[in-house]
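To start, the structure itself, in C-alpha cells.
Computed from the coordinates by the stated procedures, all read-outs in this text should not be read as laboratory data. If you're wondering where the values come from, they're calculated on a predicted model, not measured in any experiment. No Cβ is skipped: glycine too gets one built from the backbone with ideal geometry, and neighbour counts run over all protein chains shown.
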Number of protein chains: 2
Amino acid sequence: MSQANVVIALDAMGGDHGPDVVLPAAAHALARHPRLHLVLVGDEARLAGRLPDRLSAAREAGRVRLVHAPEVVGMDEAPSHALRFKKQSSMRRAIDLVKAGEAAACVSAGNTGALMATARYVLKTLPGIDRPAIATFIPTMRGHTLMLDLGANIDSTAEHLFQFAVMGSVLVQAIDANRAPRVGLLNIGEEEIKGNDQVKEAARLLSDTSLNYIGFVEGDDIYQGTADVVVCDGFVGNVALKTSEGVAKMIAHFLREEFQRNPFTRLAGLVALPVIRALRRRVDPRRYNGASLLGLRGIVIKSHGGADALAYAHAIEEALQEVDNDVPNLIDHRLETLLTERQAV
Amino acid sequence: MSQANVVIALDAMGGDHGPDVVLPAAAHALARHPRLHLVLVGDEARLAGRLPDRLSAAREAGRVRLVHAPEVVGMDEAPSHALRFKKQSSMRRAIDLVKAGEAAACVSAGNTGALMATARYVLKTLPGIDRPAIATFIPTMRGHTLMLDLGANIDSTAEHLFQFAVMGSVLVQAIDANRAPRVGLLNIGEEEIKGNDQVKEAARLLSDTSLNYIGFVEGDDIYQGTADVVVCDGFVGNVALKTSEGVAKMIAHFLREEFQRNPFTRLAGLVALPVIRALRRRVDPRRYNGASLLGLRGIVIKSHGGADALAYAHAIEEALQEVDNDVPNLIDHRLETLLTERQAV
C-alpha cells in the first residue's frame, strides 16, 4: 500500500503567507516522495503565474494539478461565516476534493476554527465520534508524545475524553508502529479527590478497555515522555501547549540576553553556538508542525498559520503518513471493537 | 508599620525535609530581618536538640520560640483525614497561632490540600470570598506575573474567577507597589465564540469594575508579561504551571546532553558556564517559592514540599511582605468597594 501513488490537496491560499510558503513546501515534498501527487487549490491565475520551475515541471509530468478557488477564508473570519459564505474558498474546495475522493487528504494553514467547522460539515464525523479533536506530536525527553485535544472542544464530557483517547492511541499506533501506546489522562494532583468529575469518569471508562491506559499524568509528566498519548479537554490542552511555547521563548530570550551581556559572554556565545543550534533543532517546532483533525471521515491536517516552507512540508508528510496508514478507518474499527467490549462487560 | 516587630509561625515538620530545611531557612531569615520573630512549631524535643547556634542565640534573645506539636500531617494524607484526626499536628498548631493572634502569618511546606482545608476551617474565608485560591509569582520576560488559582479550586464559576481577580490585583498592588495591576483572564483563541461560559461571564463582570482588566490572555502571553495578574480555574492553572516546569526541565536536560556530546562541546560548556549559571538564576524556581493562600482571614504561605533552605527563606519573605502590607484587610476592603460599585451600576 505504501507503494501506491497518493494525492493530497493543499489549500494554497491559507495561512499568514499563502502561496509564498505552500509552493516551495510543495516542491520540497514532491522531491522527497516520488509517489506523491499534489492538488494546489487557490487563485489559479495567481498560482500558475508564480509556480517555481520544479512545480511547473511536476505539473507537466502530471504530478501537480491546479484547482481554481476564487475566495479565501480570512485568518480572523468567524467559522460560521466561512461555512456559510465562503463555499468557493480554497479551504472549502480542498476539503471538497477529499469528500469527492479526488484527494486522500488535505492540508491547510488557514483559520483553525473555520477548517474544523468546514471539515466537520463536509466530511462528517466517524460513527461513534461526537466531536473531532485536534492532535499534535510534541517533543519530550524520550522522543515525542501525541497530545489531544488542543482546542477544538471545550467542556468535554468523560465520553468525549474516552473518544479522544481511542483516536490518539490509534494514531500513535499507526505513525510510530507502537503496538500499545501508553495513554494518560491529564489531571492535577492537588485536590482532595483528585481531578474533576469528567476526568475521573473518563478514567473509569478507559480502565475497562483493552487500551494501554496508564492512569493520570500531571503537567510535568508531559515532557518526561511518561505517556505516548496525553488526553485532555481542549481548553486545558490549548493552554498547556501555548504556555509551553511561552516558556521556551522566554528561555531562548534570556539565553540570548545573557550571551549578549559583555565581550566575554559574546565570545562564549560563539564557542557555544553549535551546541545552542543542536538544542534548537531538538525542540524546533517546525519539526512538529502538522496537527491532525481526528475523528472525521477523511484526513485533514492543520499547518501552523505562520509556518515556513520547511514546517509546511512536515505537515504534508504527516498527511502522507496518515494516508498510508488509513487512519480514519483504523479509528473506526478500533472504536467499534472497544464499544463492543464495553457492552460485553 | 514596616518598623514593627512581626511574628511568623513556621510548620517546622512539614515538607519533604522538615526541620533540616526549616531551621537553616529560619536562621537565614532572622539574620536578614532584625524585626522578624519566629515561632517554630513541631516536636519540641527534636527541634530543641538540633537548633543551629544562630537559632539558639535568637531563642535566648527572645526572637525564637518553640511550640510543641506531637503530630505531623503526611504528604499524601487526605486533607479530610488531617482535618479530623491531626488536631495536634505542627501544621494545625501553626495555623491556630495565626487564628489566636499570636502570629501574624504562618508558613508550611506540608501537604497543600491539608493546608488549604485546615486553614479554611480554622481561619475562615473573608466576607464575600467563596473559595480561597492559591497564587504564586512566576518569572516573565519583563519581570514577574502573579498567577491564580493554581489548584485549590476546579470548576470555578465566573463569580469565583472575579474574586480571584480581585485578590490577585490587591496582592500585586501591595507587593509590587503597582497602583493598577493589569489583570488578564486566561483563555484560548481557537473557538468560534472564544472560551467557555465561565470565562466569558467573568470577563463581563470584570469589565464593569474599576479594576485594570485588560481582557483575555492566552498561554503564550503569560511569560511575555502581558498581564501582572493572570486569572484562571485551578485545574487550568495547575496544568499550566506544571507544564511550564516540565518544559524548563526538558530544555535544561537537552542543554546538558548537548554540552556532553564530545570534547569540543564539553569545552564549550566550560566557556559558557557563567552564562548558563546566569540564565539558571533568572528562572530559578527557588526565587519564586512561597505561594499565597488568598481569601482567608489570615496569612498562610505554602512553601514547595521539596524546597531547600534558600527557597524556604523566600517563602518566609513572602509572608513578611504580606504582613507588612496587611493583605487580608486590603482584599476585604477592595472587594467591598467593588461589590458596592457593581450594585450601583
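Tabulated data
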quantity: Failed criterion for B:Gly195 (all others in (1) without any contact (Cβ under 8 Å) to a residue 40 or more places away in the chain; (2) assigned to a strand (DSSP E or B) hold); calculated: (2)
quantity: Unmet requirement for B:Val22, which otherwise passes all of (1) buried (at least 20 other Cβ atoms within 10 Å of the Cβ); (2) out of contact with any Ser or Thr (no Cβ under 6 Å at 6 or more places or on another chain); (3) not in a helix (DSSP H, G or I); calculated: (3)
quantity: In segment A:127-144, the residues that are within 11 Å of chain B (Cβ to nearest Cβ) and either among the acidic types (Asp, Glu) or closer than 15 Å to A:Gly225 by Cβ (or both); calculated: A:Ile138, A:Pro139, A:Thr140, A:Met141, A:Arg142
quantity: Hey, A:Gly269 surrounded by fewer than 21 Cβ atoms within 10 Å (Cβ to Cβ), free of Cβ contacts under 8 Å to residues at least 40 places away in the same chain and not hydrophobic (A, V, I, L, M, F, W, C) or not; calculated: yes
quantity: Residue among A:Arg342, A:Arg281 that alone is within 14 Å of chain B (Cβ to nearest Cβ) and surrounded by fewer than 17 Cβ atoms within 10 Å (Cβ to Cβ); calculated: A:Arg281
quantity: Number of positions in segment A:281-311 that are out of contact with any Lys or Arg (no Cβ under 9 Å at 6 or more places or on another chain) and touching a residue at least 60 places away in the same chain (Cβ under 8 Å); calculated: 12
quantity: Count of residues meeting criterion [of a type in the set (Val, Ile, Thr) and within 24 Å of B:Phe216 (Cβ to Cβ)] in segment A:223-261; calculated: 4
quantity: Test: residue in segment B:244-252 that is surrounded by fewer than 17 Cβ atoms within 10 Å (Cβ to Cβ) and without any contact (Cβ under 8 Å) to a residue 40 or more places away in the chain; calculated: yes
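Results for (1) surrounded by fewer than 21 Cβ atoms within 10 Å (Cβ to Cβ); (2) among the polar types (S, T, N, Q), shown as yes or no for each residue.
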| site | (1), (2) |
| --- | --- |
| A:Ala45 | yes, no |
| A:Asp53 | yes, no |
| A:Ala58 | no, no |
| A:Ala78 | yes, no |
| A:Ala82 | no, no |
| A:Gln88 | yes, yes |
| A:Lys124 | yes, no |
| A:Ile129 | no, no |
